[in-house]
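Structure, as structure tokens:
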Amino acid sequence: MGSERQISGLFTRDTQRDRVVPPTGFTATLTLFTSAVMGFLVVFALALSLASSRLADHWSDALARSATLKISAPAEQLEQQVEKALAILNTTPGIEQATVLNLNDQRRLLEPWFGADVPIELLALPALIDIREEKKGFDSENLRLRLVADVPGAVLDDHTRWRRPLVVAAERLSALGLFSILLMTGASAAMITLAARAAMSANAQVISVLRLIGAKDAYIAAAFVRRFSLRAFSGAAIGSLCGAVVFFFLTGEQDDLSILTGIGFQGLEWLWLFLIPPVFGGVALLATQRAAQKVLGMLS
Amino acid sequence: MYPYLFIIVQGKELNRKGKFNFNHIPDCNSPRGQAQKGKRNETHCARHTLIEFDAASYSYTGGELLSEMSLTITPGAFYFITGPSGSGKTTFLKMCYGALLPNSGGLQIFGRDVRELTRDDIALIRRNIGVIHQDCQFLDHLSVTENIALPLSVSGQDRLSDNLNLKELLTWVGLKGRASALPPELSGGERQRAALARAVINSPELILADEPTGNVDWDMSQRLLQLLIELNKMGKTVLLASHDLSLIRLAKSQVQARVLRIANKRIQLAGADL
């Protein structure tokens, strides 16, 4: 009940109460600056986390739905084994489509490593079949067993081996981003606590006068809590706005480039930025309330 | 005694003659008080003591300052607290508003044991006690008006800055022309009068004044004393700490004042020797 009143008091302007604490002081600048910087950094951490999360989802989703069958066999048996493999693949539940890569496809794959002029027709390359899975996927172990029996030169690569570490890395990066946000929020809370305690200690005389005329702890605390919460809110709003502007232009100019430009916000993800100022305001509220309780206890 | 026609403005009573009226809670002996006595169980009328010391002692790190005080402050009385410098007058007054607790013995303020009070309880009690310090204790960044109105904000009442009540109060203490001044811009006498206005704006039952005339000349001392006497005549209990014997003599000629002398760690009722 009391805390509800305090929270509602936070949004209710009481000119007299707001003015009981002298308006100036280094703590005001410190809180505003810290919140702005942290708000700005949180935007980056959030962008990193969201981008990593998107990447992990993309890799999990896209790569999980594709597999490659490599058939290595003497040239005279290769075509026959490919046909057998296709027959098996086409009758395997969960496989949407199986396509044999032609020479042009293979050239494109090798181009980054060997250049465009490689005489691919002269190379003894294995046949490659690109497999597209249905959403439910297929039983890779069962498929392997069937292939071993009929297509001895076939090797099924469902990308699991190299996909999993990538996905794990992306997920870790995403978690690291979130952890960074927690650290920044915690650091902000610590800084605001220090600033609030310093402000209250510097205003011990004000507190003494307020107590003399019958002010309850809640009234005194509210004068500081409201001020610090609003400063933290404003600082975080400025910081996150700056961060948003930076990302808007960063991704706007280079949106066709690769993974690095994926660090940013897409669509509704921009809405996350609106949460930063209230979260910082809330953290400041809790931090200042706690600091106020301690300082008022010490000053009694 | 005060045959004014009362009007109610935001819970405060004003009389038609434009004087500030502090007598929200009627005197126990007045017909109005008697009439209300039956309606309210928890009024000051039902209480016969405001503050009660029961063998209360106070010690600080340097030793015992006040020893085994037994004293009852009754409603409507005017007390002078006198004694040499350092005798414990300020300490005694601080105990009266719960800023200091006795180390031993009992102390009840408005019928409640101070040791059982939380900080918020003490805050509530202080809303019924007006305190005037020698150094006044203002918030220097607020104007005189805002400082005086501060107890209203603290007690959750509407601000009265635009209200007649506050203006009349400023007139009463002679600070009408200094309403927007900051405390550091005031003279010693003006500060004391502003402190008095702040102390009485909530219409407290008890007014504690700690050497309010210490930093002002004799004329201003007399003026302040007159204001306190006027309050006492309105039914307020006044405790005034002062070592100025001429001021005490002047007061005794106008009001039935009791003089409490603090000497040798003890408090005693002074006799006619003053």
Could you give every pair whose Cβ atoms fall below 9 Å, whose first residue belongs to segment A:19-48 and is within 14 Å of another protein chain (Cβ to nearest Cβ), and whose second residue is outside any helix (DSSP H, G or I) and of a type in the set (Gly, Ala, Ser), counting only separations of at least 6 or pairs across chains? A:Val20/A:Ala215
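I'm checking my understanding of the structure. Among residues of segment B:76-87 that are assigned to a strand (DSSP E or B) and within 10 Å of B:Ser242 (Cα to Cα), which one is nearest to the other protein chains (Cβ to nearest Cβ)? So that I can check it myself, show each step before the final result.
First, the residues of segment B:76-87 that are assigned to a strand (DSSP E or B): B:78-82.
Still in the list and also within 10 Å of B:Ser242 (Cα to Cα): B:80-82.
Working: B:Phe80: 22, B:Ile81: 18, B:Thr82: 23 Å.
My answer is B:Ile81.
Filter segment A:198-229 for residues that are small (Gly, Ala, Ser) and facing chain B (nearest Cβ under 8 Å); which is farthest from B:His141 (Cα to Cα)? Spell out the reasoning first.
Looking only at segment A:198-229, we keep the residues that are small (Gly, Ala, Ser), and these are A:198-199, A:201-202, A:204, A:208, A:214-215, A:218, A:221-223, A:229.
Applying the additional criterion that residues be facing chain B (nearest Cβ under 8 Å) yields A:208, A:214-215, A:218.
Details: A:Ser208: 15, A:Gly214: 19, A:Ala215: 18, A:Ala218: 22 Å.
Among residues in segment A:198-229 that are small (Gly, Ala, Ser) and facing chain B (nearest Cβ under 8 Å), the one farthest from B:His141 (Cα to Cα) is A:Ala218.
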Sole exception among (1) out of contact with any strand residue (DSSP E or B) (no Cβ under 8 Å at 6 or more places or on another chain); (2) closer than 30 Å to A:Glu171 by Cβ; (3) in a loop (DSSP other than H, G, I, E, B) for A:Asp61, by number: (3)
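Just checking, how many residues over segment A:177-189 are free of Cβ contacts under 8 Å to residues at least 40 places away in the same chain and either under 30 Å from B:Ala123 (Cβ atoms) or not assigned by TED's automatic domain parsing to the domain that holds A:Ser35 (or both)?
Narrowing segment A:177-189 to residues free of Cβ contacts under 8 Å to residues at least 40 places away in the same chain: A:179, A:182-183, A:186.
Next, from what is left, pick out any that are either under 30 Å from B:Ala123 (Cβ atoms) or not assigned by TED's automatic domain parsing to the domain that holds A:Ser35 (or both): none.
Here the count works out to 0.
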Collect the residues in segment A:88-111 that are on the phi < 0 side of the Ramachandran plot and not in a helix (DSSP H, G or I), keeping them in residue-number order. A:Thr91, A:Thr92, A:Pro93, A:Ile95, A:Glu96, A:Gln97, A:Ala98, A:Thr99, A:Val100, A:Leu101, A:Asn102
Restricting to segment B:119-137, count the residues that are at the interface with chain A (Cβ under 7 Å from one of its Cβ atoms), touching a residue at least 40 places away in the same chain (Cβ under 8 Å) and buried (at least 24 other Cβ atoms within 10 Å of the Cβ). 1
Pairs under 8 Å by beta carbon, first residue away from chain B (no Cβ under 14 Å) in segment A:280-300, partner of a type in the set (D, E, K, R) and surrounded by fewer than 17 Cβ atoms within 10 Å (Cβ to Cβ), six or more apart or different chains? none
By residue number, the members of segment A:174-218 that are under 30 Å from B:Glu205 (Cα atoms) and assigned to a helix (DSSP H, G or I) are A:Ala204, A:Gln205, A:Val206, A:Ile207, A:Ser208, A:Val209, A:Leu210, A:Arg211, A:Leu212, A:Asp217, A:Ala218
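Answer yes or no: is there a residue in segment B:193-210 that is without any contact (Cβ under 8 Å) to a residue 40 or more places away in the chain, surrounded by 17 or more Cβ atoms within 10 Å (Cβ to Cβ) and in a helix (DSSP H, G or I).
First pass over segment B:193-210, keeping only residues without any contact (Cβ under 8 Å) to a residue 40 or more places away in the chain: B:193.
After this cut, where a residue has to be surrounded by 17 or more Cβ atoms within 10 Å (Cβ to Cβ) as well, the list is B:193.
Keeping just the survivors that are in a helix (DSSP H, G or I) gives B:193.
Checked against the condition, which is being without any contact (Cβ under 8 Å) to a residue 40 or more places away in the chain, surrounded by 17 or more Cβ atoms within 10 Å (Cβ to Cβ) and in a helix (DSSP H, G or I), segment B:193-210 yields at least one hit.
The values are calculated or read from the model by the stated rules, or taken from the named source; none is laboratory data. Note that the structure is predicted; figures quoted are calculated from it, not measured. Reconstructed Cβ throughout: ideal geometry from the backbone, glycine too, with neighbour counts over all protein chains shown.
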